[in-house]
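Take a look at the structure set out below.
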Amino acid sequence: MSHSPSLPDRPTLDLDPDMSEEERLAALREHFIDVSQVHDELADQLEDARSRQSDLREEVSDLQEENEALKTSSLYIATVEELTDDQVLLKQHGNNQEVLTDVSPRLYQKLQAGDRVAINDSFAIQTVLDQETDARAQAMEISEKPEVRYEDIGGLEEQIQEVREAVEDPLTNPEKFQQVGIEPPSGVLLYGPPGTGKTMMAKAVANQTDATFIKMAGSELVQKFIGEGARLVRDLFELAAEREPAIIFIDEIDAIASKRTESKTSGDAEVQRTMMQLLSEMDGFDQRGDISIIAATNRFDMLDRAILRPGRFDRLIEVPEPDIEGRERILEIHTRKMNLAPELDLGAIAEDTEGFTGAELESLATESGMFAIRDGRTEVTETDFEDALEKVSREESPGKPIAFY
Ligand SMILES: Nc1ncnc2c1ncn2[C@@H]1O[C@H](COP(=O)(O)OP(=O)(O)OP(=O)(O)O)[C@@H](O)[C@H]1O
Ligand SMILES: [Mg+2]
């Protein structure tokens, strides 16, 4: 759909040198009229364009609202059972409850018996899940090649070494394990405070091995698709088998593998079912070598110990806050592209940033750059870092958020 109208021709003015004054004046008058017409025409076009722009703006804001609503509310999956005259009979997954719900004519047109839809708490259909964008695709992120490399990670040499041995070697050198006669670890669990590089490490491993990287966030799984968690876990392992060699990465695993709580709400039961499915997939996963599993959490304290049994996540790797050398390395990494003053000493900044995580150091570097820009400079100095540090610690007071892990 193209909206660009053709522009009116530009009027030309021919003034002959041997025209009389009157002739010239007449020509100029005519030209003036032509130009005025063109002006009016352009003004009309501009008016049209403005009104189209405002229509589009409205459309964008409607879509944004819709998008927000989709993001913020819990959605449930249901299947369309039957279309009556102007209503739809739905069957909710998970509890198999049947409900009759109203739909807009626009949506009614699109629906067919058997369609999978996402509904909200009041059974209003929010979106139709077509074959390609079914729950599987929505919850799992598959990337053939994550961007992160080992060089981008600062201060976690030992942890990287351990992850490589446990995840990469079984994929690239399975014979190493066969020769020695041991089973490679089943699953690797990375745990530590937020922003210390756990997700980065999982991505770097995937990058290094050419394996398909399948990422699933535990929280997505249980918040958005109640009634679907267990099925998604099954799908996840199936998908990995189809795409092997593959690395399954379950981020925020605490969301599906928390200690059993006393309350018996349906949400808890759902989380339980999802976790049981994960355990059974891992237990039935004896043919090792082409699929590796990594999980990460910053809530180690919350984890149900059942997932840590041998044969499940039996290799625990702590990813702590960086020490002074780690901090210096991380600062180097995140200032690689920055124009730093030659005398700036990142070692000194590393000294002053005890307790900072990688993510915090990254934002410190960015913040320092902002100070330089504000000051009209293109070079970032030690003072900028000091100012940024002061700003960050002011923002954080009275107390740093407590790290749970
Ligand atoms: N060790 C590190 N080296 C370099 N950059 C880091 C490091 N740790 C964190 N970062 C920076 O912080 C960002 C966030 O890190 P990451 O997502 O890996 O944290 P995480 O440990 O997974 O945190 P969470 O527990 O909140 O998921 C990274 O994209 C990176 O820019
Ligand atoms: Mg993470």
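At a glance:
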| read-out | value |
| --- | --- |
| Residue match in the stretch 223-243 (condition: crowded, with 17+ Cβ neighbours inside 10 Å, within 14 Å of ligand 2 (Cβ to nearest atom) and either of a type in the set (Lys, Arg) or at pLDDT 85 or above (or both)) | no |
| Count of the stretch 194-222 residues which are of a type outside the set (Ser, Thr, Tyr), more than 16 Å from ligand 1 (Cβ to nearest atom) and within 30 Å of ILE77 (Cβ to Cβ) | 3 |
| Any hit, the stretch 57-68, residues being surrounded by fewer than 14 Cβ atoms within 10 Å (Cβ to Cβ), modelled with pLDDT of 90 or more, within 30 Å of LEU221 (Cα to Cα) and of a type in the set (Val, Ile, Thr) | yes |
| Which listed residue, of VAL148, VAL167, is β-branched (Val, Ile, Thr), within 16 Å of ligand 1 (Cβ to nearest atom), modelled with pLDDT of 85 or more and within 30 Å of ALA350 (Cα to Cα) | VAL148 |
| Count of the stretch 332-361 residues which are more than 9 Å from ligand 1 (Cβ to nearest atom), in a helix (DSSP H, G or I) and in contact (Cβ under 8 Å) with a residue 24 or more places away in the chain | 5 |
| Conditions (1) within 16 Å of ligand 2 (Cβ to nearest atom); (2) more than 15 Å from LEU156 (Cβ to Cβ): number failed by GLU321 | (2) |
| GLU228 being under 30 Å from ASN120 (Cα atoms) and more than 13 Å from ligand 1 (Cβ to nearest atom) | yes |
| Test: residue in the stretch 128-139 that is surrounded by fewer than 16 Cβ atoms within 10 Å (Cβ to Cβ) and modelled with pLDDT of 80 or more | yes |
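The values are calculated or read from the model by the stated rules, or taken from the named source; none is laboratory data. Please read all numbers here as calculations on a predicted model, not as lab measurements. Positions of Cβ are generated from backbone atoms using ideal geometry, with glycine treated the same way; all protein chains shown enter the neighbour counts.
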